[in-house]
Amino acid sequence: GFIEATDIADYLVKKGESFRNSHNIVGEIVKYCIDNNMNLFELDLNLLKKYSKYFDTDFYNIIDIDNCINAKVSGCGTSIKSIKANLKDYSREIKGWEKDIKSFKNRTPVYEEIIKETLKK
C-alpha cells in the first residue's frame, strides 16, 4: 500500500502547493509507482521534481513510516502520544465499567446465570 500518500499531500501543501494539485500529484506518483513496481522511497528526487517544484530532500524524512505514524496527533490518531492518551481514557472507562459490574453483581442474585446466558449468544 501507499500509507504515506496523505503525508506527501500534506507535505506539498505545507510547501505551498494547493491541496487540489497536491492530491492530483500524489495520485500520479502512486500510479507511477504501481506501474513501475516501486515504493515511494525508491523515487529519485529529480523525478519527483517533475511532478512538483516543492519536492526536496526532506521528502524522504516525511515518508519514513515512523514519522508518518507519529504525524497523526488527534483523538483517533496513530501517534504514540495519541495512543497513550486513548489508552489512559479507555483504562479509566474500563475501571468505571468494572465498578458498575461489581455493583450489578452485588444487587443481582442471579448474576452468574445472566452472564452465562449472555455469553452463549
Inset, instruction - Could you figure out which of (1) under 24 Å from SER79 (Cα atoms); (2) surrounded by fewer than 19 Cβ atoms within 10 Å (Cβ to Cβ) isn't true of SER18? - result: (1)
Inset, instruction - Go through (1) at pLDDT below 80; (2) surrounded by 12 or more Cβ atoms within 10 Å (Cβ to Cβ); (3) of a type in the set (A, V, I, L, M, F, W, C) and name the single condition LEU48 misses. - result: (1)
Inset, instruction - List every residue pair whose Cβ atoms lie under 7 Å apart, where the two residues are 6 or more positions apart in sequence or sit on different chains, the first residue falls within the range 52-66 and is farther than 18 Å from PHE2 by Cα, and the second residue, located anywhere, is modelled with pLDDT of 95 or more and part of a loop (DSSP other than H, G, I, E, B). - result: SER52/GLU17; TYR54/GLY16; TYR54/GLU17
Inset, instruction - Filter the range 4-32 for residues that are under 21 Å from THR57 (Cβ atoms) and not in a helix (DSSP H, G or I) and give the result. - result: GLU4, GLY16, GLU17
Inset, instruction - Look at PHE41 and say whether it is assigned to a helix (DSSP H, G or I), aromatic (Phe, Trp, Tyr), touching a Phe, Trp or Tyr at 6+ places or on another chain (Cβ under 9 Å) and modelled with pLDDT under 90. - result: no
Legend entry - Selected residue (criterion: nearest to the chain's Cα centre (by Cα)) from residues of the range 75-117 that are part of a loop (DSSP other than H, G, I, E, B) and loosely packed, with under 10 Cβ neighbours inside 10 Å: CYS76
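The values are calculated or read from the model by the stated rules, or taken from the named source; none is laboratory data. As the structure is a computational prediction, the values presented were derived from the model and not from experiment. Because the Cβ atoms are built from the backbone with ideal geometry, glycine has one as well, and the counts that use them run over all protein chains shown.
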